[in-house]
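The values are calculated or read from the model by the stated rules, or taken from the named source; none is laboratory data. Keep in mind that what you see is a predicted model, and the values were worked out from it rather than measured. Please note: Cβ atoms are built from the backbone with ideal geometry, for glycine as well, and neighbour counts cover all protein chains shown. We work out accessible area using only protein heavy atoms, side chains counted, and drop any ligands, DNA or RNA first. Shrake-Rupley method; radii C 1.70, N 1.55, O 1.52, S 1.80 Å.
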Amino acid sequence: MIEVKSSYTSEAGHWYSRDGDPRYTIIGKNGKVRNTTLRDAREFNLVPSVTTILNVAAKPALTAWMQSQVLMATMTLPRRENETEAAYIDRIIIDSKQQGRDAADLGTEIHAAIEGFYEGKKSSRFPFHVESCDKALKAHFGAQKWICERAFSHELGFGGKCDMHVPDGIVVDIKTKDFDDKTKVVGYDEHMMQLAAYRVGLGIPTARCANVFVSRTNPELAVVMEWEEDDLKRGWDMFCSLLRFWQYKNQYE
């Protein structure tokens, strides 16, 4: 049995109810809102998100990027007079993480502008990013009636929220990244697994799946990369393996 819900909220807590409602935060005993934890999930019988499951696998490309941010921080942050080694290292780590947060925040804003466009919301923000994404999608899939930000929960014990899909059989996930050359844009296994899980979770297990890579640095660049069916079948098997690992590791389900 699959339950699907419509929602438009940042996936902060990475948990969903069994009927598909996002449960990113809860009200704590002190009356304040906080992020949902694994302990809360056990209490309220929640399921983890697709991204939570994918996080148990190594991401070499992301790790390399994070390492490069640390190295860049060391080049731009001189050590202060009488600053201890521990304090200097802490400052470098904080600065390198800030670069990642800034990139993520920009990506989130572009992402929201694109989805808002397909939901009929007028916005003057990031018009060229929106236009390039729409043009790329139309060139690849033709004119479609996209449904945005659809949350779901699946009986196998995972949930998620899909960026855009067409119930007749298309699932799309939007990624923003820095690039100026379309030929150098590549997809990774985690992208393939994410889409494979989304299409099963949405109840359209044979849907066409694609990532849309939108450039943060060049607003006129957007690339649609559709995954082959054989890749998606392999991605689903890989995701199921990670799901079982996560469940065993956390003694969940």
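With a 1.4 Å probe and every protein chain kept in, tell me what percent of the accessible surface of the chain is carbon plus sulfur.
With neighbouring chains kept in place, the figure for the chain is 53 percent.
Taking the Cα centre of each part, how many Å lie between segment 222-241 and segment 59-102?
Value for the Cα centre distance between the two parts: 34 Å.
Take the chain, connect every pair of alpha-carbon atoms lying under 10 Å apart with a spring to form a Gaussian network, then pick out the residue of Pro127, Pro22, Pro78 with the largest mean-square fluctuation.
Result for the chain, Cα springs under 10 Å: Pro78 fluctuates most.
For labels at Tyr188 and Lys233 in the simple 7 Å Cα→Cβ model, what's the distance in nm?
According to this spin-label approximation, the distance is 2.6 nm.
May I ask you to order 228-237, 30-39, 152-161 by the average number of other C-beta atoms within 10 Å around their residues, highest value first? Intermediate results must be reported in sequence, preceding the final value.
Values: 228-237: 14.9, 30-39: 10.9, 152-161: 22.8.
Result, highest mean first: 152-161, 228-237, 30-39.
Rank Ile114, Ile147, Ile27 by mean-square fluctuation in a GNM of the chain with C-alpha springs under 10 angstrom and give only the top-ranked residue.
With Cα springs under 10 Å in the chain, the top fluctuation among Ile114, Ile147, Ile27 is at Ile27.
Considering only DSSP beta bridges whose two residues both sit in the chain, what percent are antiparallel, to the nearest 5?
Values: 26 of 35 bridges.
Restricted to the chain, the bridges split so that about 75 percent are antiparallel.
Using a Gaussian network for the chain with springs between C-alpha atoms less than 10 Å apart, which of these wobbles most: Leu77, Leu106, Leu137?
Residue with maximal mean-square fluctuation among Leu77, Leu106, Leu137: Leu77.
Would you kindly derive the ³J(HN,Hα) couplings of segment 148-163 from the backbone phi angles with the Karplus curve 6.51 cos²θ - 1.76 cosθ + 1.60 (θ = phi - 60°), listing them in order in whole Hz, with x for Gly and Pro?
Residue by residue, segment 148-163 yields 9, 6, 9, 8, 8, 9, 10, 5, 6, x, 8, x, x, 9, 8, 4 Hz.
Over the Cα atoms of the chain, what Rg and Dmax result, in angstrom?
Answer for the chain, Rg first and Dmax second: 19.6, 64 Å.
Kindly provide the helix-only [θ] at 222 nm of the chain, computed as the sum of -39,500 (n - 2.57) over DSSP H runs of four or more divided by all residues, to the nearest 500 deg cm²/dmol?
Taking each H run of at least 4 residues, the total per residue is -14500 deg cm²/dmol.
Over segment 62-218, give the accessible area per residue in Å² for a 1.4 Å probe, as an integer.
53
Please report the relative contact order for segment 27-185, taking Cα pairs under 8 Å with a sequence separation of at least 6, and give it as a percent rounded to a whole number.
Once divided by the residue count of segment 27-185, the mean separation gives 20 percent.
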